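Asks: Below is one structure. I have some questions about it.
Laboratory data are not the source of any read-out in this text; all were calculated from the coordinates shown. Predicted model only: the values in this text are computed from it and were never measured. Glycine also receives a Cβ, built like all others from the backbone with ideal geometry; neighbour counts cover every protein chain displayed.
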DNA sequence: CGAAGGCTTGATAGACCTCAAACACAGTGG
DNA sequence: CCACTGTGTTTGAGGTCTATCAAGCCTTCG
C-alpha cells in the first residue's frame, strides 16, 4: 500500500515551499501509507483523539474545524491535495480540533512511527515538515487578522485569493479558475459569518465583476481587483516562488 | 553575555510542555545570548525583516501583531517570559508580522546559527522547539474560534483564563492574581473590538463578580464562573500538567 | 411527484462601532 | 504650588455590520 503515486501531491506541496534533493524525495516516496477514500462530511480525526498516524490529502477538500457551544462551527483551515492537516499530531498527542472532509476525498494515512523515523534520520526533511507546520501557523495568523479586523466582504475576497494561489502553487488551478465544490455555508463557517450574509456578499463580488462561481467552479474575473478588495498579500504563504496570476493563461487570452 | 540566569524562564516554559533531561537543559543554558532591555511599545522585529537571531522574552510582556489598512492593529498573541515569539524565523526567513513590547521588557537574542546547531545535533531539543511552535499554532486556532464565533464578552473571559493558566504554568502568578499592566486598548486589539466596547464588557465582568482589574493587577474572583463565561477548555495549551486553579492559594483562604 | 439541500430575498433585531465629551490621574514646567 | 499636558477610563447617542427569522425558489434525486 505504499505509493509513489500516492505521495506525489505531498511532494508537489513540499517543493512549493522547500527545496528537496532527489534522495530526500525518494525517502518521502518510500513512506508506507494506507490509502482511504472518504465521502464528504466525514471526520478523519476528532477533538480529543490521540492519533497514531497522520494523514496526507491526496484528492478532494478537507478542513480543520471546531464546534462551539450553540453548535456553530468555525473552520480553521482548508487542506488541499498535498497538505498534511494533522502533521502536528506527531508532537501533540491530543487533538484539539477536528479534521473532516468537505467533499469526497482520498487521504493517505502514515503511521507516526514512520514519520518519526524519517525526521529523526533526515534533519532536512524534519526541517521541511517543521516549516510546513510553521506556514500553517502563518495562515492561521492571517485568518485571525481577517476575523478580527476585516469586513466580511474583504474576508471573502481574501479567502478566494488564498485558495487560488495555493491551488496554483501545487498545479491544481486552470489559470484563474479553481474547483470549489462546497456550499456557501462552508464559506461562512470559515469566515465567521452566516450563509445569508455570505450570499449577499457573493452577489456584490459578482456585481463588481471580481468573480463568478457556479457549479462548483470559481473563476476570478479581475485578479488585481480581487487582490485589492481582499487586502491580499501572499507573503504569509511563504512560497518559494509566487505563481504568476495577474496574466490569464495563454489559451484564454490571445494576445492579438 | 551567555547566561544561565537568562535562560531560566525559557527552561521553565519548555518544562511546562516537554520533559527535558538535565543534559538537554545544560545545552540550552549554554546558548549564547545577548540581553537587551527595551522600553514599552518598541518593536523587536518588523514585518518584512529577515532576522538572523531569535528572541526569548525574559521579563515583561511582548506581543505579535499586524496592522491592516486603516491603521487598525490585530494582536496575534501575547508572549510572556520564557516564550520565543519568533522561533519560526529559524525556518521562515521573512517575517510576516511584527513583534513588539507592550511593557518595558527584557529579551535575550540568540543567533540562528546557534539554534540551528543545537537542533541539528539534538533531535529531542528540536522536537521540544517544534512542539513549542505547534502549541503557538494551537493558540492561534483557539483565538480564531473566539474571533469568528464568540461574543466579545466570552472572548475577554477566555483571554483572562488563558493568561492566568499560562502565567501560572511558568510560576508567574500569585494564586488567581496576575500582573497585567496594559491598557484596555491592548485587550481590544487582541480581541478585535474597540476600547469602548472592552470597557463596557469589563464593567459587566466586574459586576458579575468574575474579576477585578486595577493598577495593572488582575484578580480572578470566581474561577469556575470565569471558565464558564469564557467557554474555556485548556486542552489547547497542551501543558504537561494543568495548574490547580479552582482552589485559591492557601494563604488567602483559611480552610476553617 | 415529493423531499431535501442549497440559493435567494425581505424584515427585524442585536452586537459592536464611531464620534464626542467628560473625567481621573500622573508627570511636567513655570 | 498650581496650571498644563497626556494617557487612559468612562459614558452617551446614533449608526453600521451582521445575525436571526422566515419564506420562496430552484435543482437534484429517489
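Asks: With viscosity set to 0.890 mPa s at 25 °C, what whole-number translational diffusion coefficient in µm²/s follows for the protein assembly as shown from Stokes-Einstein and a Kirkwood radius over Cα pairs?
Replies: 103
Asks: So what's Rg/Rh here for chain B, counting alpha carbon atoms and using the Kirkwood radius for Rh?
Replies: Result: Rg/Rh = 0.96.
Asks: Right, another one. Could you work out [θ]222 nm for chain B from helices alone, using -39500 (n - 2.57) per DSSP H run of at least four and dividing by all its residues? Round to the nearest 500 deg cm²/dmol.
Replies: -13000 deg cm²/dmol
Asks: Follow-up. Kindly give the distances from residue A:50 to its copy-mates, label point to label point, with each label point 7 Å from Cα along Cα→Cβ, as nm values to one decimal ordered shortest first.
Replies: Distances to the matching label points in the other copies: 4.4 nm.
Asks: Then there is this: If you find the alpha carbon centre of segment A:84-100 and of segment B:24-77, how far apart are they in angstrom?
Replies: 27
Asks: On a 0 to 90° scale, report how tilted helix B:4-17 is relative to the longest principal axis of chain B, with both axes built from alpha carbons and the result rounded to the nearest 10.
Replies: That helix lies at roughly 60 degrees to the long axis.
Asks: Work out the FRET efficiency for residue B:244 and residue A:15 from their Cβ-Cβ distance, taking R0 = 35 Å, and round it to the nearest 0.05.
Replies: Between residue B:244 and residue A:15 the formula returns 0.15.
Asks: Using a ≥ b ≥ c from the Cα gyration tensor of segment B:150-237 (square roots of the eigenvalues), is it rounded, prolate or oblate, where a/c under 1.5 gives rounded and otherwise the larger of a/b and b/c decides, a/b for prolate?
Replies: Because its axes are fairly even, with a/c under 1.5, segment B:150-237 counts as rounded.
Asks: A further question on this structure: Once you've got the GNM for chain B with C-alpha springs shorter than 10 Å, pick whichever of B:60, B:146, B:70 has the biggest mean-square fluctuation.
Replies: Residue with maximal mean-square fluctuation among B:60, B:146, B:70: B:70.
Asks: Related question: Taking chain B as a Gaussian network, where each spring joins two C-alpha atoms under 10 Å apart, which residue of B:217, B:44, B:110 fluctuates the most?
Replies: B:217
Asks: What spacing in nm lies between the two simple spin-label points modelled at residue A:22 and residue B:151, each 7 Å away from Cα in the Cβ direction?
Replies: Between residue A:22 and residue B:151, the label points sit 6.3 nm apart.
Asks: Right, another one. What nm distance separates the two modelled labels at residue B:113 and residue A:52, each placed 7 Å from Cα along Cα→Cβ?
Replies: 4.5
Asks: Oh, and also: Rank A:179, A:52, A:77 by mean-square fluctuation in a GNM of chain A with C-alpha springs under 10 angstrom and give only the top-ranked residue.
Replies: A:52
Asks: Would you kindly give the portion of the calculated P(r) for segment A:4-140 that falls above 18 Å, as a percent of all Cα pairs?
Replies: That tail contains 53 percent of the Cα-Cα pairs.
Asks: Here is a further query. For chain B, take the longest principal axis of its alpha carbons; what is the angle in degrees between that and the long axis of helix B:195-207, to the nearest 10 within 0 to 90?
Replies: 60
Asks: Place the label 7 angstrom along Cα→C-beta at residue A:200 and in each other copy, then list the distances from the first to the rest in nm, shortest first.
Replies: Nearest to farthest, the other copies are at 2.0 nm.
Asks: Go ahead and collect, in residue order, the members of segment A:124-149 whose backbone nitrogen is under 17 Å from a label point 7 Å along the Cα-Cβ direction of residue B:200.
Replies: Output list for this probe position: empty.
Asks: How far apart are the residue B:151 label points across copies, placing each 7 Å from Cα toward Cβ, in nm, shortest first?
Replies: Reported distances to equivalent positions: 2.6 nm.
Asks: Between residue A:36 and residue B:59, what is the label-to-label distance in nm when each label sits 7 Å out along the Cα-to-Cβ direction?
Replies: Placing both labels 7 Å along Cα→Cβ, they lie 5.1 nm apart.
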